[in-house]
Amino acid sequence: MATVMQVEKICKVANKPLVVTYTGLIQTCIDNGSMENAKYIFDEMCKYCSPNNVTCNIMLKSYTEHGMFEDAKDLLENILSGRIRSKVESSQKAIADKFTFNIFMEACAEAKRWNDFEYAFRKMLSSGYHFDERRHLHMVLDAYRNGKVLISYS
């Protein structure tokens with residue numbers, strides 16, 4: 001609860017709350033086991049400034065680790081659609097990177113959510129990231145065993 005009060009203080013005294021400050025508060029909440037407060041701060045952050053890739057990946061990983069798969073899926077979709085962007089500088093937006101895709105695909109594979117895995121895998125490839133045999137092969141094989149054909153050899 002004290003962390004939530006700190007967010008309110010930051011917003012009152014700063015014209016542009018720093019991404020680093022918000023990210024630190026979010027990480028503190030996560031470290032203390034309060035995903036509820038971390039989610040609240042992340043939502044507040046989105047009102048005042050644009051979360052960067054690091055912040056988004058921290059939230060994505062925390063959502064998946066705390067069984068909040070739908071929140072993770074929504075966050076990924078918001079990143080991919082460009083809805084997470086700066087309120088001040090519209091060209092600044094969070095962009096899914098290889099870590100974003102890996103976090104989400106690993107959560108999908110663990111939860112056996114193969115349709116979501118397929119979606120993320122295809123988005124990863126279409127975004128210019130490559131198949132990483134060391135990281136992705138076992139997940140792709142599991143997806144294949146569950147009816148997904150993700151790689152064509154034509």
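The values are calculated or read from the model by the stated rules, or taken from the named source; none is laboratory data. None of the values given here were measured: they were computed from a predicted structure. These accessible areas exclude ligands, DNA and RNA; they are computed on the full protein's heavy atoms, side chains included. Shrake-Rupley method; radii C 1.70, N 1.55, O 1.52, S 1.80 Å.
Taking the protein heavy atoms of region 92-154 in the context of the full set of protein chains, the accessible area attributed to carbon and sulfur is 51 percent at 1.4 Å.
If you wrap the Cα atoms of region 115-154 in a convex hull and average its projected area over all directions, you get 2.9 nm². Ordered from highest to lowest accessible area with the whole protein assembly present and a 1.4 Å probe, R85, R145 read as R145, R85. In a fully extended conformation the segment linking N78 and R122 would gain 14.2 nm over its present Cα-Cα distance, using 0.36 nm per residue. Two numbers describe the Cα atoms of region 12-81: Rg and Dmax, which are 11.6, 35 Å. A convex hull fitted to the Cα coordinates of region 46-154 yields 100 cubic angstrom per residue. Applying 0.36 nm per residue to the separation of Y144 and F99 and subtracting their alpha-carbon distance, the gain on full extension is 14.0 nm.
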